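The values are calculated or read from the model by the stated rules, or taken from the named source; none is laboratory data. Values in this document were obtained by computation on a predicted structure and should not be read as measured data. Because the Cβ atoms are built from the backbone with ideal geometry, glycine has one as well, and the counts that use them run over all protein chains shown. Quick note on the areas: whole protein, heavy atoms, side chains included, nothing else; ligands and nucleic acids left out. Shrake-Rupley method; radii C 1.70, N 1.55, O 1.52, S 1.80 Å.
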Amino acid sequence: ELSTGVRFSGDMTLTEEGIEVDVTSNLPAGVRVDLRAFIDPYGGYVVSQVKTSGELIVEEGGIIQGTIPYDNEDFIDRYRNEPIELELEFRPSISAFPIRLENRDELQRFYGEEGENLEGPFVVETHPYDHRDKPTLVAAASVIGPVREGEVFTIEEPVFGDPPADYGDTNVWMEAEIVNIDHRYIYIEGTSNLLYGTMIYGNIKSSEENIH
């Protein structure tokens with residue numbers, strides 16, 4: 001049964017040949033989904049770079065399987081141990097519904113030409129490339145992990161708590177703490193009344209008061 005509440009579950013694995021996808025969804029057979037691999041995922045959409053991408057066709061039962069080859073043969077060696085974000089995305093534009101689908105127009109109306117009918121925790125708003133374009137909604141599952149052969153990226157359904165009473169208020173507040181530091185990143189967790197999807201930037205000041 002069709003549902004606007006798109007769901008994903010399963011694994012994406014870095015192999016010697018490429019990114020192996022073994023995912024289950026509730027999408028109808030025949031629609032297209034896109035897979036992208038972003039280097040520098042913590043830098044936001046301005047800094048992150050797509051280093052590998054490809055498309056897969058959903059099979060019967062919502063199964064999404066296949067291997068997306070790397071854009072570079074030395075991908076694993078070139079980015080070894082670097083953080084990478086794998087994103088599996090369903091964008092209900094006309095290109096997501098191949099011509100061979102008999103009900104392609106019906107499906108696009110069902111999900112919305114700009115994804116406006118999509119629901120659920122996997123729905124995110126995209127950033128338009130041109131300020132004259134308005135954002136669209138997509139269903140996307142993303143996982144961040146290190147570049148290592150055999151590394152498994154398991155998709156988990158996002159869990160959101162109840163928003164604060166002043167969610168979205170212009171009187172912004174944030175509460176955060178450092179939970180981990182490694183040789184490349186400082187990891188922070190916390191809460192705020194900022195809207196979901198808001199990008200936050202930060203600086204690090206050393207004892208010599210230099211900003212990094």
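Annotations
- Residue within the stretch 43-64 that is free of Cβ contacts under 8 Å to residues at least 60 places away in the same chain, in a strand (DSSP E or B), in contact with a Lys or Arg (Cβ under 7 Å, 6 or more places away or on another chain) and within 27 Å of Ile188 (Cα to Cα) present: yes
- Residues (out of contact with any Phe, Trp or Tyr (no Cβ under 7 Å at 6 or more places or on another chain), within 28 Å of Glu116 (Cβ to Cβ) and open to solvent by less than 30 Å² (accessible area, probe 1.4 Å)) located in the stretch 1-36: Gly5, Gly10, Val21, Pro28, Gly30, Asp34, Leu35
- Those residues of the stretch 69-78 which are surrounded by fewer than 20 Cβ atoms within 10 Å (Cβ to Cβ) and in a loop (DSSP other than H, G, I, E, B), in sequence order: Asp71, Asn72, Glu73, Asp74
- Qualifying residue in the stretch 50-67 (condition: crowded, with 17+ Cβ neighbours inside 10 Å, out of contact with any Phe, Trp or Tyr (no Cβ under 6 Å at 6 or more places or on another chain), under 30 Å from Met199 (Cβ atoms) and at pLDDT below 90): yes
- Selection from the stretch 196-211 of residues that are at pLDDT below 70, under 33 Å from the mean Cα position of the chain (by Cα) and open to solvent by 100 Å² or more (accessible area, probe 1.4 Å): Ile211
- Filtering the stretch 172-185 to residues that are open to solvent by less than 100 Å² (accessible area, probe 1.4 Å) and either in contact with a Lys or Arg (Cβ under 7 Å, 6 or more places away or on another chain) or under 13 Å from Gly202 (Cβ atoms) (or both) leaves Ala176, Tyr185.
- Spans of strands (runs of 3 or more DSSP E) in the stretch 79-171 with at least 2 residues at pLDDT below 90 and open to solvent by 30 Å² or more (accessible area, probe 1.4 Å): 123-125
- Look at the stretch 187-198: where a residue is within 22 Å of Gly145 (Cα to Cα) and a partner is modelled with pLDDT of 85 or more and open to solvent by less than 60 Å² (accessible area, probe 1.4 Å), sitting 6+ places away or on another chain with Cβ atoms under 8 Å, you get Gly197/Val124.
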